[in-house]
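Take a look at the structure below.
The values are calculated or read from the model by the stated rules, or taken from the named source; none is laboratory data. Since the model is a prediction, treat every value here as computed from it, not as a measurement. Quick reminder, even Gly has a Cβ in these numbers, built from the backbone with ideal geometry, and neighbours come from all protein chains shown. The protein model used for the area step is the full one, side chains on, heavy atoms only, and it has no ligands, DNA or RNA in it. Shrake-Rupley method; radii C 1.70, N 1.55, O 1.52, S 1.80 Å.
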Amino acid sequence: MNVARKLACAVVVAVCAVSLAANWLAPEGYAKQFRETPNAPPSHQHWLGTDDVGRDRFARVLYGTRISLLLAPAAALISTALAVLVGGLAGYLGGIWLRLARGFTDLFLSLPWLFLLITVRALLPLNVSPMVSVLITFFVLGVLGWAASARVLSTSADGLRNSDFILQARASGLHGPRLFFVHVLPNLKPVLYAQFWISIPVFILSEANLGILGLGVAEPMPSWGSLLRELEGLISFREEPWKLAPLLLLIVVMTSFQLLLSNEEVTA
Amino acid sequence: MKTIGRRACLQIAFCFVFFSLVLTADSALAQSGGELRFCLRSEPKTFDPLLVDEDASLSIRYLTGGVLVRVNRHSQELEPELAESWTISKDGRQITFKLRHGILFSDGSPFSAEDVAFTMQRLMDPALHSSTGDSFRSGSGAVSTKIVAPDEIAIIFPAPIAGVDRLFDQVAIMSAHSPKKEAAVLGPFMVAEYKAGSSVLLQRNPNYWKKDSKGRRLPYLDSIRLDIQPNRDVEMLRFKRGELDLINTLDSDYFDRLASSSPGLAHDAGATLDSDFMWFNQVASAPIPEYKRAWFASGNFRRAISQAINRDDLARVVFGGHAQPAIGPVSTSNKFWFNSKLKVEPYRPDAALERLKADGFHLQNGVLFDKSGNAVEFSIVTNAGSKPRERMAVMVQEDLGKLGIKVNVVTLDFPSLIERISQKFNYEAAMLGFRNVDLDPNGQMNIWLSSAEDHAWNPQQKSPATAWEAEIDRLMRAQASSVDPKKRKESFDRVQEIVAEQAPFIYLVNPNALSAVAASVEGANPGILSPQTFWNAERLTVNGTTRASR
Amino acid sequence: MAVFDSDRMPGLLSAQITVRYAGKAPVLRGLSLEIARGEVVGLVGQSGSGKSTLALAILGLLGRQRAIVEGSILFQGVDLLSLRERELRNLRGRALSLVLQSPLASLNPALRIRTQLREAWRAHCNDDATTEDCDQAIESALRSVSLPSSEQDRDFLKKRAAQLSVGQAQRVLIAMAILHRPALLIADEATSALDVITQAEILELFARLNREIGMSILYISHDLPSVAGLCQRTAILHEGQIVECGATEQIFTAPAHEYTQRLMAALPQLPARREAFAAKAKATAVE
């Protein structure tokens, strides 16, 4: 284990531990409004200052980390699995299936999602608790986010289909799902990992944007997405550098994960 | 005609050269006032003063158009301009203007009653679809004009219009004969150059009739450069660099930042006429549970919610203090129409709880239940992208949470929100704002009449659903049909009282008018009425040396 | 001179096929090939002469490339062309197996050797077979190809393709191919990518397997010396047809067809070596 990896490991463990300990570290909770001190700079009482309505930013970051770190990867998992099903399988089957899947994927990518999401919002009830809204949001992201990954996967799988080792496997009498899952899928792993890791920050940011359609994480619940929205229109980072904390955390955590997992891939 | 033709531009430029040569001889009087620069936030859609219906065109009309009477943006009084005086007939159907003599359009053509008649006829032409003209359409039948003398004109309406004289503030007089059509203006400035998507250059109108107290010709400024710039960050940056002299309206965030870096430049003119408020859905056919409809229909429930909201906190936290807790439909800034007997609903959660208990509500383990045992929970929809409103919703959520009420805040894109509140009625509570440009209550008829489309809590009723709505209908109609300002005020005062009692709209805040004026600009006196910073543009000067040193 | 007589040796494979791709001239035109049980047959031809097409056609793996196969391929008395995919699958890897040209590319880079061997074994094992059965089969196959068994090198089976030498990889592939003791092994240019020494070792391995298991081999190659060294009978493929087929010695010493003559003429003109080939071929035939 090299130094970078040790460090990454430490970061991930620390972030997870701290966010799990949010109840003790930030006993006031993420929703309490300290109305006497909105937009406060960092202080002994509020380590990262307070937000627009005086909520403790540190508490919000902790709880937001909990939510985003759990649900964004979950959504990425859903979308990657769907991408494998559509893109990977079609690339492996080739021929008409590949053409069909590519057509479907392109169609899916070109749909006017804004309007469809507005329809989705219209179908959902208005009175949902913030926790349910969070789950719905990330589920929607996961279900809708597969298309771009599927495209990449279909190309990779298409290349594999004609490779010698797949021919060899077929000549050994292997076939069907077993051939796909045992022989094709492991070779798509690097692409899968890449798609998975790209999806996570994309979903975290998309979640913030879904808020505009009334689909995001509902107030007062924090998420990395809603914390990053604070950065909109931030004119000078030099004046309020602590507002960058969520962004910094996002970058550090994502980098650490990537370091950890890419190394594991190589040594495994 | 949406844009000025190239030829027209050249002609204007030529005229300007011609007149400036004439004026140099008069240079002892014509002091050089420099160039004022600020931003339009969108492309002006038209230069035709009668077709104006958005902010950018409105600004240009204000600076270039000559009007018969003008509402002083500071005193809110009506003042004579092209008309020396005016009278309104007793039945309220006729207004007669006595016009000033010796006034020329910017192209040199003389101004007379004929031009007023021409303007009114064109304005009321149904084919023109002028929104300015709509406010004069009081009843069925045409608006007619009668030229009594070259300097006197009567305008006759099919039905009386309350406060009709003030409406002429919006009517820029056009020339009946000038070949330059709308390019011939009576205001202090005229359009010299328009680069689509980039800028509009206004030059001083050499024929402008007004003089200051020392006999100097107005306007002082040589020119105004209006850059078309929708991005507020860029606008702020350019202001800070000294490339702009004014920012007409500022967000409280920007305001605070500017106030801390250069204190003298940020101006808070006090509460505007605009208001932010929330309301409950009282539509009988709305697809919401019966028991919730019963809550929302209860005046006690609405008043209790109103009492449980800490408006001082909203104004202080969300607007950084640059907003006033709202009292009702009329802002305290509206000097004449505000009912001064009314006070801000004080924040009293205990009193709110008492009210709720009177309606059979009870608290149990920190959760409020109604008399049938339903936990009190409702959603507030508001438009996404409005940060102040989103923040207010979160604060209201917290305030009501203290009463054991669970509030879900849902932000929606604007079209979806409008569809919910005006067509499908599938919402429970909504938070929105009104932009009020009109001091006169007639501008609010579309809200208060129970048959009106914008009667948001229960629009387009065939007959008023409640006695108090019927009373509001009666009072609003009474004030609209009377010409006596006193009687009108009495009626509208009563409307304000009923609204305070029944709280169909729970008014939250009136945001302040925030603006920025560079130190190089002399004579500025930002107000709450649009155009906040340049309402007295004809008397502004820009000091070039101050600007250079910035 | 002994010429193998198909009347005496029981026939294993008898192919009469024409293969074409949609809209193009046929790749194989009425090709006719017979392989007897236990026989090693060389198939010689230039690149692009249709050698690999024949190999894939026998295995029924051409379908995906939109090829049209006409004629018949009788294998153990059954026409392979009339079989359904399921039945074909049942033969592939069990009765018919394939070894390809580039050993490293033919091993799945993502899988350990053990996994690949297990997969190949599982494709045709009985439902009640256990992991031990599987590992035993693998051990025995590894021994057959002279690869370290798990007792000798515990880590060998945990390796992946990238950690093997080319020779090792080819042995693994051969081990995989003989897991189920197939009746016919098709080696498609199986030694072409190997260095001379490794090539010799693999050829020897093929010869030994042929002897020990009695497995027929269709040895496809453009490399005449290796064919001369291994095969009892040789078929010359030219422009989609077998132009000449006979005992290896006869082909090398007295080529009848003009193309075969040219092929032979293209061999290095060292008399000693030619004689050596001829002698070797004779020896093989007598064996």
Between the modelled labels at A:Ser129 and C:Glu70 (7 Å from Cα along Cα→Cβ) the distance in nm is 7.3 nm
Between C:Ala67 and residues 5 or more places away or on another chain, which pairs have amide H atoms under 5 Å apart, with H built 1.01 Å from N, and which residues are they?
none
Let me confirm one metric for peptide C:160-168, namely the mean number of other chain beta-carbon atoms within 10 Å of its residues' beta-carbons.
0
Evaluate the distance, in nm, between pseudo-label points positioned 7 Å from the Cα of B:Ser262 and of C:Gln16 along their respective Cα→Cβ axes.
9.9 nm
Would you calculate a helix-derived [θ] at 222 nm for the protein assembly as shown, using -39,500 (n - 2.57) for each DSSP H run of n ≥ 4 and dividing by the full residue count, to the nearest 500?
-12500 deg cm²/dmol
For the peptides A:137-145, B:226-234, what is the packing order when you average, over each peptide's residues, the other Cβ atoms within 10 Å and list the highest mean first?
A:137-145, B:226-234
For chain C, modelled as a Gaussian network with Cα springs under 10 Å, which listed residue fluctuates most, C:Ala67, C:Ala25, C:Ala177?
C:Ala25
The long-range amide H neighbours of B:His455, using H built 1.01 Å from N in the peptide plane and a cut-off of under 5 Å, are B:Gln460
Largest-first ranking of A:His183, B:His74, B:His267 by accessible area, probe 1.4 Å, whole protein assembly kept, is B:His74, B:His267, A:His183
Among A:Asn127, A:Asn209, A:Asn187, which one moves the most in a GNM of chain A with springs linking Cα atoms closer than 10 Å?
A:Asn127
Ignore the peptide's own chain and count Cβ atoms of other chains within 10 Å of each Cβ in C:92-98; give me the average, rounded.
4
In straight Cα distance, which aspartates and glutamates are under 18 Å from B:Lys424, not counting same-chain residues fewer than 8 positions off?
B:Glu290, B:Asp413, B:Glu453, B:Asp454
Any lysines whose Cα falls less than 29 Å from that of C:Lys51, other than same-chain ones fewer than 8 residues away, would be C:Lys24, C:Lys280, C:Lys282
Largest first, what is the accessible-area ranking of A:Trp24, A:Trp47, B:Trp86, B:Trp337 with a 1.4 Å probe?
A:Trp24, A:Trp47, B:Trp86, B:Trp337
DSSP beta bridges in chain C, what fraction antiparallel, as a percent rounded to 5?
55 percent
Can you give me the long-range amide H partners of C:Val99? Hydrogens built in the peptide plane at 1.01 Å from N, cutoff under 5 Å, separation of 5 or more residues or another chain.
C:Ile186, C:Ala187, C:Asp188
Taking 7 Å along the Cα-to-C-beta vector as the label spot, tell me the B:Ser85-C:Ala266 distance in nanometres, rounded to one decimal.
12.0 nm
Cα-Cα longer than 31 Å, checked against B:Lys181/B:Lys486; B:Lys98/B:Lys181; B:Lys45/B:Lys210; A:Lys189/A:Lys243; A:Lys32/B:Lys357; B:Lys387/B:Lys462, kept in input order, equals B:Lys181/B:Lys486; A:Lys189/A:Lys243; B:Lys387/B:Lys462
Top positive-direction residue, dipole computed over segment B:269-370 with Cβ charges, set B:His362, B:Ile305, B:Pro329:
B:Pro329
Pairwise centroid distance, computed over Cα atoms, of segment B:406-438 with segment B:278-315, Å
14 Å
Accessible area in the full protein assembly, largest first, 1.4 Å probe, for B:Cys39, A:Cys9
A:Cys9, B:Cys39
For a Förster distance of 45 Å, can you work out the FRET efficiency between the beta-carbons of B:Arg348 and B:Asp484, rounded to the nearest 0.05?
0.75
Burial order of peptide ranges B:128-141, B:508-521 (average beta-carbon count within 10 Å, highest first)
B:508-521, B:128-141
Taking every residue of A:116-127, the Cβ atoms of other protein chains inside 10 Å of its Cβ average out to 4
Let me know the longest stretch in chain C that avoids all trypsin sites (Lys or Arg not before Pro) found in a DSSP loop with at most 12 other C-beta atoms within 10 Å.
C:155-287
Once ligands and nucleic acids are excluded and a 1.4 Å probe is used, how much of B:Phe434 is accessible, expressed in Å² to the nearest 10?
60 Å²
Going Cα to Cα from A:Lys6, which aspartates and glutamates come in below 13 Å? Please leave out same-chain ones fewer than 8 positions away.
A:Glu264
Gaussian network model of chain C, Cα springs within a sub-10 Å range: biggest mean-square fluctuation belongs to which of C:Thr130, C:Thr260, C:Thr198?
C:Thr130
If r is the Cβ-Cβ distance from B:Arg474 to B:Phe369 and R0 is 41 Å, what FRET efficiency results, to the nearest 0.05?
0.60
